[in-house]
Structures are given as structure tokens and as C-alpha cells.
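A.B. asks: Shown below is the structure under consideration.
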Amino acid sequence: MSEKLLKVGILGCGPIAQIGHLEACQKARNVDLYAVCDAAEDLANKMAAFYGAKKVFLSYEKMLKDPAVDLILIATGDYFHVPGTIMALEAGKHVLVEKPMALDVDSAQKLVDAVEKSGLICQIGHNKRFDPGIFSAYHFVKEELGEMIAYKGWYCDSTHRYAATDSVQPVIHSSKNSVKPLKNPKEDLRQYYMLAHGSHLVDLAYYLAGPIEKVTVSLMEKQGIYSWFVDTHFESGTHGHLDLTVAIRDDWSEGFEIYGSEGTVRANIFNPWYMKPAQVRCFSERKGTYSEVLNNDANTYKLQIEHLAEVIMKGKKQIGATAQEGLASVKAMVAINQSATTGKTVYLNQVTGTV
């Protein structure tokens, strides 16, 4: 454990907090799970007792007024990400907010403006950046790949995914007093799949290949399968293709291939709940050799909060997604759905509207 600990208050004790964030804060070497907050008193008390939180709040406003809280971790439904983050920033708290950052471009820009005004750290929960294999790919791209010629990324959720994840995840506790969104997010599957899965696909593309300039998309909806094929042009000139397909009749399939002037990267990403690092193989043309990282510390939720604690307490460079990068992801998702609807090329710097 580090001598100084970042005191975290978690807003929301629902599934994503129980599966990922509560345990991550409990295990992180430089973090203290100081408080939990949920409108459901029975659920908040149960989670605080099990994970060792020092305080329980039923009011978000009261947790924000506690001077001991350094960072707010927002693990609520998507609809509360923007207002919850802005409230925390205005209260002088750093923020880690779950992805997607926002549901529309205007709200995402509003959050970016609030972050810039506050001078505080805000990180979006694109936790796959902290997979050791993906992190090794990032360094290879920066140091040995040369000019990036092409980027291919895919994210294919599976009909067998829930049976697989149920075997490794804890039993989820619920409460009849929990606050629910006015609309069931899964009523609109096209939007739900894009927000839940597409947000990972476009953030990894941004992280590894840089900002996206424009997209041209075809969408097939058949037999309960949604499949987006995204012809992607990056601002760097890199040519790309993104494939989001939900749900395939097979095992989980996710990964990327990157072709550069001095090398190639191939990655197979496992279902994140297995806590298994991506298999990433990098080939260096100059060396004539392959390299592959083995690092089994792959709890990306723990790694992202540990990193953010070092950013806040020690001034370490932030590698997690910034608010500006979260805005870029929202624009990419909006552009993909607009292009899928119209059949036209959509430029991200011109896009507005809702995912």
C-alpha cells in the first residue's frame, strides 16, 4: 500500500459497481474506499459492510459536501453521467465516470466545458486502455510501428456471453428501492448496443490510431443480429475498418490488427470479465522478431483507478480517456449511426445530435 491513499466515494451500488468498481477500490494499492452512496439504503449498507467503506450516504449532495472525499466514481445509469459529473466538479472533486460519457454531443461538450472550467481531473471509464496487452500495443505503435497505414478493429458480442460471465461474476444484489431510469435502455437495442459496446470499439481506435476524421457506414439488421461495418478515415491519414456485431452465434470475438511501415500488431482481446490480458503480438521489421507481453495483473478496473490516483496525487501523465477523448467517442458513435441511417459519409467535426 502507498503511504498516501486517494479517498474515493462511489455513486451507485448497482451491477457495474458490484462487478467492477467496489472490488477494484478495495484491491488498489493507493486508494481508500471511503464512501458509497445510493438511494437504496439497504443496498448501500450491504455494499459498504462487505467492501469496507467508511461512510454510507443516501444523498449525493451530502457525499459531495464531505471534505474528505478526493474523487467521485460515478457508476450510475448512463443518463446521470453528465449531471453527476458536473455536480462533482462544481463541488471541487476529481471524477472517474463510467462510459459512455454522454448520450449526445451537446451534453458531452457541456461536460468538457465544465472540466476545463474546474481545472480538475476527469477520466472516462474506458478501462480497456489498461489491459497490459493493449498497453503494450500502444507503446509499440508509438516507438516501433513507423507510419500507421491501416487499422482494423472488431467487437463481436456473443449469444453465449451471459452464460460465460455468470460463472465468473459475483451474484448481483438488488433493491426494490433502487432508482431506475424512466426508460429501459434496452428498449432501443440499436442505441443500447452502440453505447454499451460501440463505445469500447471507437475509444480503442482513438487510443491506438488517433482521432477519426470521417466515417461511412453500412448497417445490417437480420435474425436479431445488428452489424455495423464502418469505413473509417483517421485524421493522420490512416485507413481503417471497424466492425461492431451483436450478437454472433459463437464465442466472444474482439481484437485489432495494425499495419505500419515498420511492423504489425495483432491482438485478440478476451471477455473483460475473465480478467485475462489480451494476447498481443508485435512484429518489428527492423529487428525481424516478434514480441508478446505476459502480465496477468489484468484487473483493468483496479489498474485504471490506481493510475488515476497517481495522476491526481503525483502528477503522472494521464493515459486514461480525458473528457475531450470522451467527447470524441460520443461524436464517433453519433456519426456512425447517422451514416448508417443516411448512407452518407459523416465528418465528426460537423456532427450533432444523439447516439
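A.B. asks: Per residue of the stretch 67-72, what does 6.51 cos²θ - 1.76 cosθ + 1.60 with θ = phi - 60° give for ³J(HN,Hα)? Whole Hz please, x for Gly and Pro, Karplus curve as stated.
C.D. replies: Result, rounded to whole Hz: x, 6, 6, 8, 9, 9.
A.B. asks: Against the longest principal axis of the chain, how steep is helix 323-342, in degrees 0 to 90 to the nearest 10, with axes from Cα atoms?
C.D. replies: 60
A.B. asks: Skipping prolines and chain starts, which residues have an amide H placed within reach, meaning under 5 Å, of the one on PHE234, given they are 5 or more residues away or on another chain?
C.D. replies: Here the answer is GLU213, GLY240, since their amide H atoms fall under 5 Å of that of PHE234.
A.B. asks: How high is the relative contact order of the chain, given as a whole-number percent (alpha carbon pairs under 8 Å, six or more residues apart)? It would help to have the intermediate numbers written out before the result.
C.D. replies: Numbers: 766 pairs, mean separation 76.3, N = 355.
Relative contact order, the chain: 21 percent.
A.B. asks: What is the sum of charges around GLU325, taking Lys and Arg as +1, Asp and Glu as -1, for the other residues whose C-beta is under 11 Å from the C-beta of GLU325?
C.D. replies: On the way: positive: LYS99, ARG129, LYS331; negative: ASP203.
With Lys, Arg at +1 and Asp, Glu at -1, the neighbours total +2.
A.B. asks: Net charge around LEU22, counting only other residues with Cβ within less than 12 Å of its Cβ (Lys, Arg = +1; Asp, Glu = -1)?
C.D. replies: Values: positive: LYS27, LYS46, LYS302; negative: GLU23, ASP38.
That works out to +1.
A.B. asks: Any idea what Rg and Dmax come out to for the stretch 187-279 if you just take the C-alpha atoms, in Å?
C.D. replies: So, for the stretch 187-279, Rg and Dmax equal 14.1, 46 Å respectively.
A.B. asks: How would you rank SER339, SER178, going from fewest to most other Cβ atoms within 10 Å of each one's own Cβ?
C.D. replies: Details: SER339 23, SER178 15.
Lowest to highest Cβ neighbour count: SER178, SER339.
A.B. asks: When ranked by the protection proxy of mean other Cβ atoms within 10 Å per residue, highest first, what sequence do the peptides 212-220, 343-351, 289-297 form?
C.D. replies: On the way: 212-220: 18.7, 343-351: 14.2, 289-297: 11.7.
Packing proxy ranking, top to bottom: 212-220, 343-351, 289-297.
A.B. asks: Now a separate question. When the dipole is taken about the Cα centre of the stretch 63-168, and only Lys, Arg (+1) and Asp, Glu (-1) are charged at their Cβ, what size is it in debye, to the nearest 20? Write down the numbers at each step before the final one.
C.D. replies: On the way: 10 positive and 15 negative charges, 16 e Å.
Charge dipole, the stretch 63-168, about its Cα centre: 80 debye, nearest 20.
A.B. asks: How much length would be gained if the chain were fully extended between ARG161 and ASP66, taking 0.36 nm per residue of separation minus their Cα-Cα distance, in nm to one decimal? Show your work: numbers first, answer last.
C.D. replies: On the way: separation 95, 0.36 × 95 = 34.20 nm, distance 3.99 nm.
Net length gain for the segment: 30.2 nm.
A.B. asks: Taking the alpha-carbon centroid of each part, what is the distance from the stretch 34-95 to the stretch 273-295 in angstrom?
C.D. replies: Going from one Cα centre to the other spans 38 Å.
A.B. asks: Ok, one more. I'd like to compare 71-79, 7-15: which one has the highest average count of other Cβ atoms within 10 Å, and what's the full order after that?
C.D. replies: Working: 71-79: 23.0, 7-15: 24.8.
So the order, starting with the most tightly packed, is 7-15, 71-79.
A.B. asks: While we're looking at this one, here's another question. Find the Cα radius of gyration of the stretch 116-269, compare it with 2.2 N^0.38 Å by division, and give the number to two decimals. Let's see the in-between values first.
C.D. replies: On the way: Rg = 17.8 Å, N = 154, 2.2 N^0.38 = 14.9 Å.
This ratio for the stretch 116-269 stands at 1.19.
A.B. asks: Rounded to whole Hz and in sequence order, give me ³J(HN,Hα) for the stretch 132-139 from the Karplus expression 6.51 cos²θ - 1.76 cosθ + 1.60, θ = phi - 60°, writing x for Gly and Pro.
C.D. replies: x, x, 5, 5, 5, 5, 4, 5
A.B. asks: Turning to a different aspect of this structure: Give me ASP166, ASP70, ASP131, ASP106 sorted ascending by neighbouring Cβ count inside 10 Å, so fewest comes first. Please list the in-between numbers first.
C.D. replies: Values: ASP166 11, ASP70 19, ASP131 26, ASP106 14.
Ascending Cβ contact count within 10 Å gives the list ASP166, ASP106, ASP70, ASP131.
A.B. asks: Under the rule a/c < 1.5 gives rounded, and otherwise a/b versus b/c splits prolate from oblate, where does the stretch 1-105 land using the Cα gyration tensor? Intermediate results must be reported in sequence, preceding the final value.
C.D. replies: Values: a/c = 1.41, a/b = 1.25, b/c = 1.12.
Note, shape of the stretch 1-105 comes out rounded.
A.B. asks: Follow-up. For LYS62, give me every one of the lysines with a C-alpha distance below 21 angstrom, ignoring sequence neighbours fewer than eight places off in its own chain.
C.D. replies: LYS7, LYS46, LYS54, LYS93, LYS180
A.B. asks: Right, next: What's the magnitude of the charge dipole for the chain around its Cα centre, counting Lys and Arg as +1 and Asp and Glu as -1 at the beta-carbon? Answer in Debye, nearest 20.
C.D. replies: Values: 37 positive and 41 negative charges, 108 e Å.
Here the size comes out at about 520 debye.
A.B. asks: Further question on the same structure: Please label the shape of the stretch 76-195 as rounded, prolate or oblate, based on the square roots a ≥ b ≥ c of the eigenvalues of the alpha-carbon gyration tensor (a/c under 1.5 means rounded; beyond that, a/b larger than b/c means prolate, else oblate). Working shown, then result.
C.D. replies: Values: a/c = 1.81, a/b = 1.12, b/c = 1.62.
Taking the square roots of the gyration eigenvalues as a ≥ b ≥ c, the stretch 76-195 is oblate.
A.B. asks: Can you work out the Karplus-derived ³J(HN,Hα) for every residue in the stretch 200-212? Use 6.51 cos²θ - 1.76 cosθ + 1.60 with θ = phi - 60°, whole Hz, and x for glycine or proline.
C.D. replies: Once θ is set to phi - 60°, the couplings for the stretch 200-212 become 5, 4, 6, 5, 5, 4, 5, 4, 9, 10, x, x, 8 Hz.
A.B. asks: Sticking with this structure for a sec: With a 10 Å Cβ neighbour count serving as the proxy for reagent exposure, in which order, fewest first, do SER136, SER329 appear?
C.D. replies: On the way: SER136 22, SER329 29.
Lowest to highest Cβ neighbour count: SER136, SER329.
A.B. asks: Of ALA28, VAL141, ALA278, which is farthest towards the positive pole of the chain's charge dipole, taken about the Cα centre with +1 and -1 on the beta-carbons of Lys, Arg and Asp, Glu respectively?
C.D. replies: Comparing the listed Cα positions along the dipole, ALA28 ranks first.
A.B. asks: Write out the trypsin sites (Lys or Arg not before Pro) in the stretch 288-331 meeting two conditions: DSSP loop, and at most 13 other Cβ atoms within 10 Å of their Cβ.
C.D. replies: Answer by residue number: LYS316, LYS317.
A.B. asks: Sort the stretch 279-355 into rounded, prolate or oblate with this rule: let a ≥ b ≥ c be the square roots of the eigenvalues of the Cα gyration tensor; rounded if a/c is under 1.5, and if a/c is not under 1.5, prolate when a/b is larger than b/c, oblate otherwise. Present the calculation step by step, with values, prior to reporting the outcome.
C.D. replies: Details: a/c = 2.67, a/b = 1.42, b/c = 1.88.
Verdict is oblate for the stretch 279-355.
A.B. asks: Among DSSP bridges having both ends in the chain, what percentage is antiparallel? Round to the nearest 5. All intermediate terms of the calculation are to be shown ahead of the outcome.
C.D. replies: Numbers: 47 of 76 bridges.
The answer is about 60 percent antiparallel.
A.B. asks: For the stretch 214-258, restrict the atom set to alpha-carbon positions and state the Rg and Dmax in Å.
C.D. replies: Here Rg and the maximum Cα pair distance are 12.3, 37 Å.
A.B. asks: On a straight-distance basis, which aspartates and glutamates could pair with LYS99 in a cross-link, Cα separation under 12 angstrom, same-chain partners fewer than 8 positions away excluded?
C.D. replies: Filter leaves ASP78, ASP203, GLU325.
A.B. asks: Right, another one. With viscosity set to 1.306 mPa s at 10 °C, what whole-number translational diffusion coefficient in µm²/s follows for the chain from Stokes-Einstein and a Kirkwood radius over Cα pairs?
C.D. replies: It comes out at roughly 76 µm²/s.
A.B. asks: Which residue, VAL115, VAL56, VAL179, tops the fluctuation ranking in a GNM of the chain built on C-alpha contacts under 10 Å?
C.D. replies: Comparing VAL115, VAL56, VAL179 in a Gaussian network model of the chain, the most mobile one is VAL179.
Laboratory data are not the source of any read-out in this text; all were calculated from the coordinates shown. Quick caveat: nothing in here was measured; it's all calculated off a predicted structure. Please note: Cβ atoms are built from the backbone with ideal geometry, for glycine as well, and neighbour counts cover all protein chains shown.
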